[in-house]
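Notes follow the structure.
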Amino acid sequence: MKAEDRITAFYHLGKKIRRLPEVDFQSLALSAKLENAWFTVDNVRMSLRSIGAWLESTKLLAWTVGYELHTTPKKIAVVMAGNIPLVGFHDLLCVLIAGHNILIKTSSKDSALIKFIIQGLIEIEPRFEDKIEIAERMKSFDAIIATGSDNTSRYFEYYFSKYPHIIRKNRTSVAIIHGNETGDQINALGTDIFSYFGLGCRNVSKIYVPSGYDVTRLLAAWSSFQDIIHHHKYCNNYDYQKSILLVSLSIFLDNGFLLLQESEKLFSPLAVVYYEYYESAEDLVLRLQTSAEKIQCVVEECEGSEFKFGQAQFPSLGNYADQIDTLKFLTTLN
């Protein structure tokens, strides 16, 4: 299969996703929710819309133009995560666009959606059927891409170190407040915090604010996201984290659906966002550099920023997880 054929197939997959009838979408969303209670209709819809936006012909061509896609096919194992809907899609796309075969271990929390995508792709281009395999055990492959926690990454490193690999660990995202943001911009930051309930590596879990900044302004600006508390699993986490803070006599802010706590830590528990004051731009740069290996993306409202508020969950095709160029890795395998 030529590279042009593969790109065309994904372009038509994008059209299929964008034009998915509502009745079919609702059925798919229900299947996803039965597997994973965190996968609400809104979250599944957001994920599919993001993928549909990726799979436009101009974007696919612009993304792939700098790579050698006529490689000798190899079998690439991909261990997918299941924290947010279709989080493993980009790896699937990269492997197949590069011309390789893929051996997938889906997450038990996100198999219905990825199987829907695969089925749709094969219907569009039947030659993909021989290039895609789903299995429980990873064996007889040439390279591997695995995504998991810091604990599982150690397991991956031990068992798969002899293969060419990309092993991803825990990461999170941070926001920078400069002090001159508008109310609408602060509200948009809420999208980076609350999308997918904060379960993704692109969700903001830590906010850096200038010394003297009134952090209560943040909680007030996010009132439009208050319905999140009606999700039982999120509410349970909110209640649990609040009880811990109360029992430990910790100082925190509370707007009824999010807890804001001052902390030097980077990773906050679900339903909690940490904030930390900084004194100067130089001070802030040093802190970010110290935590660089744990930060997926930085959102801020300033000229030249890669992600403005509200955009963390909408990366481009070339904005790779952990800043590792997946497609380059795949197209340069020996």
For this session: Using the structure shown, decide if V65 is open to solvent by 20 Å² or more (accessible area, probe 1.4 Å) and either aromatic (F, W, Y) or over 16 Å from the mean Cα position of the chain (by Cα) (or both).
Result: yes
Exercise. So which residues in segment 168-183 are modelled with pLDDT of 95 or more and not in a loop (DSSP other than H, G, I, E, B), if there are any at all?
Worked result: T172, S173, V174, A175, I176
For this session: Mind checking which helices (runs of 4 or more DSSP H) fall wholly inside segment 231-334 and carry at least 1 residues that are open to solvent by 40 Å² or more (accessible area, probe 1.4 Å) and more than 24 Å from I145 (Cβ to Cβ)?
Result: 232-247, 281-290
Exercise. Within segment 1-18, can you find the residues that are farther than 16 Å from D130 by Cα and open to solvent by 10 Å² or more (accessible area, probe 1.4 Å)?
Worked result: E4, I7, T8, Y11, H12, K15, K16, I17, R18
Problem set entry | Criterion violated by S153 - all others in (1) out of contact with any Phe, Trp or Tyr (no Cβ under 8 Å at 6 or more places or on another chain); (2) within 17 Å of M80 (Cβ to Cβ); (3) at pLDDT 90 or above; (4) polar (S, T, N, Q) satisfied | (3)
Exercise. Taking the stated definitions as given, is T58 assigned to a loop (DSSP other than H, G, I, E, B), open to solvent by 20 Å² or more (accessible area, probe 1.4 Å) and either at negative phi or in contact with a Phe, Trp or Tyr (Cβ under 8 Å, 6 or more places away or on another chain) (or both)?
Worked result: no
Exercise. If we keep just the residues of segment 108-140 that are open to solvent by less than 70 Å² (accessible area, probe 1.4 Å) and either charged (D, E, K, R) or modelled with pLDDT under 95 (or both), which is farthest from K16 (Cα to Cα)?
Worked result: M138
For this session: Please work out if F257 is under 16 Å from T172 (Cβ atoms), of a type in the set (F, W, Y) and out of contact with any Leu (no Cβ under 9 Å at 6 or more places or on another chain).
Result: no
Exercise. Does any residue in segment 186-208 that is at pLDDT below 95 come within less than 6 Å, Cβ to Cβ, of a residue that is assigned to a helix (DSSP H, G or I) and crowded, with 22+ Cβ neighbours inside 10 Å six or more places away or on a different chain, and which pairs are these?
Worked result: none
Problem set entry | Pick from segment 25-55, criterion open to solvent by less than 40 Å² (accessible area, probe 1.4 Å) and of a type in the set (V, I, T), ranking: farthest from the chain's Cα centre (by Cα) | T40
Seminar exercise, completed: Selection over segment 132-150 where residues are free of Cβ contacts under 8 Å to residues at least 60 places away in the same chain and more than 19 Å from the chain's Cα centre (by Cα) yields a count of 7
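The values are calculated or read from the model by the stated rules, or taken from the named source; none is laboratory data. Not measured: the values here are computed from a predicted model. Reconstructed Cβ throughout: ideal geometry from the backbone, glycine too, with neighbour counts over all protein chains shown. Please note that ligands, DNA and RNA were not included when accessible areas were found on the heavy atoms of the full protein model with its side chains. Shrake-Rupley method; radii C 1.70, N 1.55, O 1.52, S 1.80 Å.
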